[in-house]
Each structure stands twice: as C-alpha cells, then as structure tokens.
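Peer 1: Supplied in structure tokens, the structure appears directly below.
Coordinate-derived values only; no laboratory data. Keep in mind it's a predicted model, so treat the numbers as computed, not measured. A quick note on method: Cβ atoms are made from the backbone with ideal geometry, for glycine too, and the neighbour counts reach across all protein chains shown.
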Amino acid sequence: MKVPKETRTYCPKCKKYTPHAVSLYKKGKARNSALGSRRHAEDKKGYGGQKFPELKRTAKTTKKQVLMMKCKECNYIIQKHGMRVRKLEIVAV
C-alpha cells in the first residue's frame, strides 16, 4: 500500500485541518534495566520454564503498521493505528 508523504488532516492542538508529515512508527530500543524485563528475566531463570509461551512459528503474514502524523504548524504528533498491510510505502506525491 502506498501512503503520501504529506497529507492534510485534523490537528487536535491547532483545532483545524493542517498539513501533516507522515512517517512510520518504529519501536525504540528495549532497555534491559527496565523493571518489566528484569522481572521477566527472573521468571525465566532456573527450572519451571517460560512465564509466557515462546512463539515457535508465526501464523500471521502481515503486521499492523502505525502511521505517525506530525503537524507542520505546531509539530504535534498524532498516531494513526492499526492498518494491517503486508508492505507499506511512503511516497512523494
């Protein structure tokens, strides 16, 4: 699916329709020192196995892509969520 690099959409901060720059959301680097990952590592350690089942094979062929819309006027970022597509391309129109 092709998505334009720039689109006019509603900005809740400006309270009007403004041009927005479109980019794809990318997950940040996981911190090993975060409390959740420390707890999960503690649960995995020793006998008793995993806390959650380990994913052996993937069933889904697509990913839910999140679009980040950045307002050109106030730099406010909106996330448009959950488009399930195989390939998402951001193109200049």
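Peer 1: For the range 72-93, which positions are over 13 Å from residue 2 (Cβ atoms) and hydrophobic (A, V, I, L, M, F, W, C)?
Peer 2: Taking the range 72-93 first, the residues over 13 Å from residue 2 (Cβ atoms) are 72-82, 84.
Within the range 72-93, 74, 77, 78 qualify.
Peer 1: Next question, about the same structure. Can you pull out the strands (runs of 3 or more DSSP E) entirely within the range 17-93 that have at least 1 residues that are exposed (fewer than 10 other Cβ atoms within 10 Å of the Cβ) and touching a strand residue (DSSP E or B) at 6+ places or on another chain (Cβ under 7 Å)?
Peer 2: 77-85, 89-91
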